[in-house]
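Beneath this line is the structure, given in structure tokens, with notes to follow.
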Amino acid sequence: MTEPVKAPQHLWVVGILTLLWNAIGIFSYTMTHLGKLEDLGMTADQIAFFDSFPAWANALWALGVWGAFFGSVLLLLRSRWAVMSVAISVVGLIGTTIYQNFMIEVPAELQSIPLNVMIWVTTLFMLWYARKMRGEGVLR
């Protein structure tokens, strides 16, 4: 019988920081679907943009934000399912990126290349990190 692998300190740092980051995506998604974008200071045109998303684009957005959020939670719980959750998030991110960059015109004031890059970097880092932790036996 092998001794359980102790969680490295960086697991808690990565887990908590990504949980906080992904909570922003959950907040945005939730406010959009509760019809509360005006409370965030969005204009009628900006709200109409988000309301125009077809169901499949909303489903991909949900996969992206909820997959990443639960991936962070599962990392903190040291669950091997964190890898699958973050992989689902990547699928959602690919879909929403394709939709927003090739299938719809995003209003200029909602375009943010730095934010989009940060989302991609964080999500791909999470996938790499979760796989690494699973491979090292930290995730059970």
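The values are calculated or read from the model by the stated rules, or taken from the named source; none is laboratory data. Keep in mind that this is a model prediction, so the values were computed, not measured. Here the Cβ positions follow ideal geometry from the backbone for every residue, glycine too, while neighbour counts run over all protein chains shown. With ligands, DNA and RNA removed, areas are computed over all heavy atoms of the protein, side chains included. Shrake-Rupley method; radii C 1.70, N 1.55, O 1.52, S 1.80 Å.
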Original post:
Can you give the extra length, in nm with one decimal, that the chain gains between residue 80 and residue 124 once fully stretched, where that is 0.36 nm per residue apart less the Cα-Cα distance?
Top reply: 14.2 nm
Subject >> Relative counts (whole %) of C-alpha pair distances in the stretch 1-81, using bins that are 10 Å wide >> reply: 16, 36, 25, 15, 6, 2, 0
Subject >> In Å, descending, principal axis extents of the Cα set of the stretch 87-140 >> reply: 45, 19, 11
**OP:** Enumerate the helices in the chain for which the Kyte-Doolittle hydropathy averages 1.0 or more and the C-alpha atoms extend at least 20 Å along the helix's axis, using complete DSSP H runs.
**Re:** 55-76, 81-98
Original post:
Got a number for carbon plus sulfur as a percent of the chain's accessible area, 1.4 Å probe?
Top reply: 68 percent
Subject >> Per principal axis, descending, Cα span of the chain in whole Å >> reply: 61, 28, 25
Subject >> Per DSSP, loop chymotrypsin sites (Phe, Trp or Tyr not before Pro) in the stretch 72-124 with at most 15 further Cβ within 10 Å >> reply: none
Original post:
Among 57, 68, 108, which one moves the most in a GNM of the chain with springs linking Cα atoms closer than 10 Å?
Top reply: 108
**OP:** Can you sort 29, 129 by 1.4 Å-probe accessible area, starting with the largest?
**Re:** 29, 129
Original post:
Can you give the calculated 222 nm mean residue ellipticity of the chain, where each DSSP H run of n ≥ 4 adds -39,500 (n - 2.57) and the sum is split over every residue, rounded to the nearest 500 deg cm²/dmol?
Top reply: -23500 deg cm²/dmol
Subject >> Probe 1.4 Å, protein heavy atoms only - accessible area per residue of the chain in square angstrom >> reply: 61 Å²
**OP:** Compare 125, 69, 27 by solvent-accessible area with a 1.4 Å probe and give them largest first, with all protein chains kept in place.
**Re:** 27, 125, 69
**OP:** Work out the length of the dipole vector of the chain about its Cα centre, built from +1 on the beta-carbon of each Lys and Arg and -1 on the beta-carbon of each Asp and Glu, and round it to the nearest 20 debye.
**Re:** 920 debye
